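The values are calculated or read from the model by the stated rules, or taken from the named source; none is laboratory data. Note that the structure is a prediction, hence the values are computed from the model and not measured. Methodologically, a virtual Cβ is constructed for each residue, glycine included, from the backbone with ideal geometry; neighbour enumeration extends over all protein chains shown. To get the accessible areas, we keep the full protein, side chains included, count just its heavy atoms, and leave off ligands, DNA and RNA. Shrake-Rupley method; radii C 1.70, N 1.55, O 1.52, S 1.80 Å.
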Amino acid sequence: MTASPTAGAAAYASAGAALDAEAGALSPLERLAGRGQDLLIRIVTVACSDRALPEMAEELAGLVVRSATALTFCDVYVLDEDERVLEWSGPAVPLGEGDAGWVAAHGRPRAHADGRGLAVPVRSGNATIAVVDVRAAGTVLAEDATLVAALAELFAPVLCSCRRLRTAQEREHAAERFAERAVEAQEAERSRLSREIHDGIAQRLAGLGFHLSAAQRALPDHHPEAAAQIVVARELCDLAAAESRAAIGGLRPPVLDDLGLSAALATLAREADVPGSSLDITVTVEGELEDALPDHVQTALYRIAQEAVGNCLRHASASCVDLVLEHDRDRVRLRVIDDGTGFSIQDVFAPGRRPDSYGLRGMAERAELLGGRVSVTSRPGVGTTVEAVIPRPRTGRGT
C-alpha cells in the first residue's frame, strides 16, 4: 500500500530533524567532516574535476550514492536558463511537475509520497538552480538527509558556475552559427551575381565580339574609317570581357571552394602579380591544422586578404607584398605586409574622412562578425601591415 503525501512529509520531517538543527550553526564541510577523510577527498575530486554540464550533475549524483548509507538512486536536475524545465539524463521535467519540479518551483525540500525518497533544492542566493532527488529502499535515514542537504549546499557554486559556462558556450555557438549564416548569405549573393554575369553580360560580350569580327571581315576595303571604328569597338569589347571575367573571379573564386584558403591566397597573389609589374607578392603558410577551417572562416580571411592586396595595388605603390597565414591551436592570423608609401592612421580616421575608402571598415566588420579583429599599422614612407586575427570555432562542446 502506498503511503499518503502526509505520511511522506512526516517521514521527511523525521529524517531531517537533525539537519535543521545543524544547518544554522555548521557549514556544509563541517557537517561532512565527521564522515571521514575519504568523503572529503571524493568531494574535492568531483568539485575540482574539469567537467561541464551535464557531466558535473552526473558526477554529483554518483558522489551522493557512493557516500550515503542507504540511498540507492540519485538524480540531479538542473534548471535551464529560461527557468522553464529541469534537465537531467532523461526527458526534461517542466517546472512545477513531479517532486523535482515542485521543489524547483518552491525552493523547499520535499519528501516523496511513499516516504522512500527526498528532493532537495540547490540554491544560489535566493534562486533555485538545481534539485538533488534521492531514493532509498526504505525510509530515508536522517544521516543521509543531512548528507544530501550538505552536498547540495556545498555544490551550489559549482553547479552555478557550470550552468553559467554552459550558457556562455551556447551563446558562443549561437554567435558562430549566426556568423556562418551571415557569411553564407553574402557568398550566396556573390555566387548569384557571378552566375548572372557569366550567363548574361559575359555571353553577350562574347556574341558581340563574334559579330564585330564578322563585320570586320565583311567590310569592303574602301571603308578605312569604318574599319578603324570596328577595331576600336572590338578592343573595347575585349576589355569589357576581360573585366567581366575578373569580376566573376573576384565575386567567388572557384579555387577557394576546390582547394581551400592557402591555394586561394596563392592564386590571389599570382593574379595580382601581373606580367610587366614590379610588384613581388609572396605567400607563406605557417603551422598546420588537424581539421580544416570552416568555409565561412576561410571565406572571411580570403576577403580580407583580397581587400588588403587591392589596397596595395591601388594606393601603396609597393614593390613587395607578403601574405602570411599562421595557424595556431585556437586562432588563425593573417598578415598582409607591404613596403609601400604608407599613410597616417590619424589622417585616415580624422573627422570628415572616410576610412572605408581603404576598405578598412569592411575588413574589420568581417573579422568582428567571427569574434576576431583587424588592426592596421602604417606610417608614411614605411609601409603598411594589415593583421586579421580570428578565433578558431570550437568543433564541439567541451566536457
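Mind checking which of Leu212, Pro157, Gly371 is farthest towards the positive end of the chain's charge dipole, using Cβ charges of +1 (Lys, Arg) and -1 (Asp, Glu) about the Cα centre?
It is Pro157, whose Cα lies furthest towards the positive end.
Please state the relative contact order of the chain as a whole percent: Cα pairs under 8 Å, 6+ residues apart?
On the way: 594 pairs, mean separation 46.8, N = 399.
The value is 12 percent.
Taking the simple approach of a point 7 Å from Cα along Cα-to-Cβ for both Ala33 and Thr69, what is their distance in nm?
Taking the two extended label points, one gets 2.1 nm.
How many angstrom separate the Cα center of region 297-328 from the Cα center of region 104-162?
If you average the Cα positions of each part, the centres end up 58 Å apart.
Let me know the Kirkwood hydrodynamic radius for region 51-130, please, with Cα pairs as the basis and the value in Å to one decimal.
About 13.0 Å for region 51-130.
Based on DSSP, what percent of beta bridges with both residues in the chain are antiparallel, to the nearest 5?
85 percent
Pick out, from Ala70, Ile230, Thr299, the residue whose Cα sits farthest towards the positive end of the charge dipole of the chain, with +1 on the Cβ of Lys and Arg and -1 on the Cβ of Asp and Glu.
Ala70
Find the eigenvalues of the gyration tensor of the Cα atoms of region 104-183, then list the square roots of 5 times those eigenvalues as equivalent ellipsoid semi-axes, largest first, in whole angstrom.
On the way: eigenvalues 261, 33, 21 Å².
Each semi-axis is the square root of five times an eigenvalue, giving 36, 13, 10 Å.
Gap in Å between the Cα centre of region 374-389 and the Cα centre of region 208-271?
Cα centroid of region 208-271 versus Cα centroid of region 374-389: 34 Å apart.
When a/c reaches 1.5 or more, the comparison of a/b and b/c decides; with that in mind, is region 60-202 rounded, prolate or oblate per its Cα gyration tensor?
prolate
Through the Karplus equation 6.51 cos²θ - 1.76 cosθ + 1.60, θ set to phi - 60°, convert the phi angles of region 215-228 into ³J(HN,Hα) values in whole Hz; use x for Gly and Pro.
Those phi angles translate into 5, 5, 6, 7, 6, x, 5, 8, 10, x, 5, 4, 4, 5 Hz.
Starting from the Cα of Ala218, step 7 Å along the direction of its Cβ; do the same at Glu184; then give the gap between the two resulting points in nm.
5.1 nm
For the ranges 198-207, 211-220, what's the packing order if you count other beta-carbon atoms within 10 Å of each residue, average per peptide, and put the highest first?
The peptides rank, most packed first, as 198-207, 211-220.
Over the chain, what percent of the accessible surface lies on carbon and sulfur atoms, probe 1.4 Å? Spell out each step's value before the answer.
Numbers: 11330 of 21510 Å².
Answer for the chain is 53 percent, counting heavy atoms of protein chains only.
Suppose the chain between Ala226 and Arg42 were pulled fully straight at 0.36 nm per residue; how much longer would it get relative to their current alpha carbon spacing?
Answer, rounded to one decimal: 56.6 nm.
Based on the Cβ-Cβ distance from Ala242 to Ile345, what FRET efficiency comes out when R0 is 51 Å, to the nearest 0.05?
The value I calculate is 0.90.
Using the Cα gyration tensor of region 121-256, with a ≥ b ≥ c the square roots of its eigenvalues, what is the shape: rounded (a/c below 1.5), prolate (a/b larger than b/c) or oblate (neither)?
Details: a/c = 10.15, a/b = 6.75, b/c = 1.50.
Prolate, since a/c reaches 1.5 and a/b exceeds b/c.
Residue separation times 0.36 nm, minus the C-alpha to C-alpha distance between Leu259 and Leu193: what's the value?
Here the segment from Leu259 to Leu193 would lengthen by 21.6 nm.
Taking 7 Å along the Cα-to-C-beta vector as the label spot, tell me the Asp273-Leu165 distance in nanometres, rounded to one decimal.
The modelled label-to-label distance comes out at 4.7 nm.
Counting Lys +1, Arg +1, Asp -1, Glu -1, what net charge surrounds Gly138 among other residues with beta carbon under 13 Å of its beta carbon? Walk me through the numbers on the way to the answer.
On the way: positive: Arg116, Arg135; negative: Asp114, Asp144.
It works out to a net charge of 0.
Give the residue from Gln37, Gly200, Cys312 lying farthest towards the positive end of the charge dipole for the chain; charges sit on Cβ (+1 for Lys and Arg, -1 for Asp and Glu) and the dipole is referred to the Cα centre.
Gln37
Along region 316-325, what does the Karplus equation 6.51 cos²θ - 1.76 cosθ + 1.60 (θ = phi - 60°) give for ³J(HN,Hα), rounded to whole Hz, x for Gly and Pro?
Couplings: 8, 6, 8, 9, 9, 10, 10, 9, 10, 10 Hz.
For region 301-353, what is the Kirkwood estimate of the hydrodynamic radius, computed as the reciprocal of the mean inverse distance between distinct Cα atoms, to one decimal in Å?
One decimal place: 12.6 Å for the Kirkwood radius.
Would you mind calculating the relative contact order of region 93-215 from Cα pairs under 8 angstrom and at least 6 residues apart, reporting the percent as a whole number?
Across region 93-215, relative contact order equals 14 percent.
Expected output is a single nm value to one decimal: the length gained when fully extending between His173 and Arg331, i.e. 0.36 nm times separation in residues minus the C-alpha distance. What is it?
The His173-Arg331 span can extend by a further 55.3 nm.
Of Asp82, Asp328, Asp273, which is the most mobile in a GNM of the chain whose springs link Cα atoms less than 10 angstrom apart?
Checking each option, the largest mean-square fluctuation is seen for Asp82.
Provide the per-residue ³J(HN,Hα) series for region 161-178, in order, calculated from phi with Karplus coefficients 6.51, -1.76, 1.60 and θ = phi - 60°, each as a whole number of Hz, with x at glycine and proline positions.
Listing the rounded values in order: 5, 4, 5, 5, 4, 4, 4, 5, 5, 5, 5, 5, 5, 5, 5, 5, 5, 4 Hz.
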